[in-house]
Amino acid sequence: MRLITMLLVFMLNAGALFAQTDSINFKRTEWETKRIAPGIHLKQTWFRSNSLFKSNQFISVIEVKSRRQNKFSIAYEAKVKRITSDFGNHKQALAAINGTFFDVKNGGSVDFIKANGQVINENRLEKDNKRARHQQAALVMKDGELHIEQWDGSPDWEHKLDGQDVMLTGPLLLHNDRQVKIDSNSFSITRHPRSAIAVTENNRVLLVTVDGRDANSKGVSLFELNKILQWLHCKEGVNLDGGGSSTLWVKNEGVVNYPSDNGKWDHKGQRRVANVILVKRN
């Protein structure tokens, strides 16, 4: 019994040590930064030699300062799918990130979407008529400003949200500067490419991708993605559709992360998706 107790103590201390090392490595990393437009910057860093979560990780962040000219909106297709860069180019955006979950076979979002005041998609509920975890948080855009909301438990919550553009997505990771409980299911604990949108303590909006499914970047669990958002000083954060969908596009730069849908470490592996979040400048 004493030996088991000692082993448990050792494992707990080892876990805490690794967590502390990850935090230190993240804070010390050097970010390559490019200016996209006034108040909008692309930042990227590559953790090699298994230096983050005992793995390699490539992280891209678009940071958008709160300015009147910097606007967020939704681009979507009701049925067909297109790659994220096509959405961005067609809408003459400065940047785009893949959006929420969609019907892979038939196209269209499986989560509520409203664009320009018009409801495009309603939630497709689960078999027990309950909403999925990715339908319990929302990106709300009013007059181009973006904020994140948490489901209040009411069945028509999304219809009452005050914004011209609304996209339900999730799971919610951070809210009101607190970590939101994450389910310990396969989707949460398995490492995948991930996409997220977050709001920092100084009210800057971050579009985040962590690449995965490659030796150059393993990908992260939702618990690890939560840690990354905290280390980026975020007070709000929500997961988007990930996996092969995870794509970050920038005008005049193209795709800046390494989408995994073609199984290669290049910028060509975009998956066709049904919706994206755009950054535009008026």
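Values in this text are rule-based calculations from the coordinates and carry no lab data. Just so it is clear, the model here is predicted, and its values are computed rather than measured. As a convention, Cβ positions derive from the backbone with ideal geometry for all residues, glycine included, and neighbour counts pool all protein chains shown.
For the stretch 211-219, indicate whether the set of residues that are closer than 20 Å to residue 99 by Cα and of a type in the set (A, V, I, L, M, F, W, C) is non-empty. Full working, then the answer.
Quick first cut of the stretch 211-219, residues closer than 20 Å to residue 99 by Cα only: 211-213, 219.
Filter once more, keeping what is of a type in the set (A, V, I, L, M, F, W, C): none.
No, every residue in the stretch 211-219 fails to be closer than 20 Å to residue 99 by Cα and of a type in the set (A, V, I, L, M, F, W, C).
Among the candidates 44, 92, 20, the residue that is touching a residue at least 60 places away in the same chain (Cβ under 8 Å) and more than 19 Å from residue 196 (Cα to Cα) is uniquely 92. Remark: pairs (first residue in the stretch 260-274, under 23 Å from residue 106 (Cα atoms); second residue among the β-branched types (Val, Ile, Thr) and assigned to a loop (DSSP other than H, G, I, E, B); Cβ separation under 8 Å; 6+ apart in sequence or on different chains) = 270/83; 270/247; 271/83; 271/247; 272/83; 273/83; 273/247.
Just to be sure, is residue 254 farther than 18 Å from residue 135 by Cα, surrounded by fewer than 19 Cβ atoms within 10 Å (Cβ to Cβ) and in contact with a helix residue (DSSP H, G or I) (Cβ under 8 Å, 6 or more places away or on another chain)? Outline the logic, then answer.
On the way: farther than 18 Å from residue 135 by Cα: yes; surrounded by fewer than 19 Cβ atoms within 10 Å (Cβ to Cβ): yes; in contact with a helix residue (DSSP H, G or I) (Cβ under 8 Å, 6 or more places away or on another chain): yes.
Judged against the criteria, residue 254 is a match.
How many residues are of a type in the set (Gly, Ala, Ser) and over 17 Å from residue 193 (Cβ atoms) when one looks only at the stretch 235-282? Even if it seems obvious, please write down each step before you answer.
First, the residues of the stretch 235-282 that are of a type in the set (Gly, Ala, Ser): 237, 242-246, 254, 260, 263, 269, 274.
Right, trim to over 17 Å from residue 193 (Cβ atoms) and you get 254, 274.
Residues meeting the conditions: 2.
Does residue 163 satisfy being under 30 Å from residue 263 (Cβ atoms) and in contact (Cβ under 8 Å) with a residue 24 or more places away in the chain?
Spelling it out, it is not the case that residue 163 is under 30 Å from residue 263 (Cβ atoms) and in contact (Cβ under 8 Å) with a residue 24 or more places away in the chain.
Residues that are touching a residue at least 60 places away in the same chain (Cβ under 8 Å) and in contact with a helix residue (DSSP H, G or I) (Cβ under 7 Å, 6 or more places away or on another chain) within the stretch 101-130 comprise just one, 101.
Condition check ((1) closer than 23 Å to residue 245 by Cα; (2) not aliphatic (A, V, I, L, M)) across all residues:
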site	(1), (2)
31	no, yes
35	no, yes
45	yes, yes
49	no, yes
62	yes, no
66	no, yes
73	yes, yes
76	yes, yes
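Would you check if residue 60 is part of a strand (DSSP E or B), under 18 Å from the mean Cα position of the chain (by Cα) and buried (at least 18 other Cβ atoms within 10 Å of the Cβ)? When the stated conditions are applied, residue 60 passes them. The C-beta contact set for the stretch 186-207 (first residue closer than 22 Å to residue 275 by Cα, second residue of a type in the set (Asp, Glu), distance under 8 angstrom, 6+ apart or interchain) comprises 193/211; 195/241; 198/236; 199/236; 205/63; 206/63.
The listed residues are 140, 166, and the only one of them that is closer than 24 Å to residue 278 by Cβ and in contact with a His (Cβ under 7 Å, 6 or more places away or on another chain) turns out to be 140.
Taking the stretch 218-240 as the range and being farther than 17 Å from residue 25 by Cβ and of a type in the set (Val, Ile, Thr) as the test, only 238 passes.
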